[in-house]
1. Hey, rough spin-label estimate for residue 76 and residue 104, points 7 angstrom out along Cα→Cβ, what's it come to in nanometres?
2. What order, most packed first, do the peptides 88-101, 40-53 have when packing is the mean number of other Cβ atoms within 10 Å of each residue?
3. State, to one decimal in nm, how far the label point of residue 58 lies from the label point of residue 84, with both points 7 Å from Cα in the Cβ direction.
């Protein structure tokens, strides 16, 4: 919950229409762990629509179908033991292995689609 805003600050600019590139996503989909009014207000101030499940409500909000993609990707990354168990002390080395793991996942997905 404490890393939501720092994570959004690290999102790189994305290509779009000619002119000023977007630096933030349009929406954020999150589970009940991020349900708080300060987070919702901050996201709205940044121009981001918060789609966050409310606490103490029944399941079945429909957010699971979007979160499944993220959980599946984490499972693929955790098959690479070096990312599952963090051996590196320096964060830039761990981030480099994370980028390499993402590249391998994309390569395998693209290779299987042809």
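1. 1.3 nm
2. Numbers: 88-101: 11.9, 40-53: 14.9.
Peptide ranking by packing, descending: 40-53, 88-101.
3. Label at residue 58, label at residue 84, 3.7 nm between them.
Read-outs throughout are calculated quantities, based only on the coordinates presented, and are distinct from any laboratory measurement. The model shown is predicted, which means the values in this text are computed figures rather than measured ones. With ideal geometry, Cβ positions are generated from the backbone for all residues, glycine too; neighbour counts draw on all protein chains shown.
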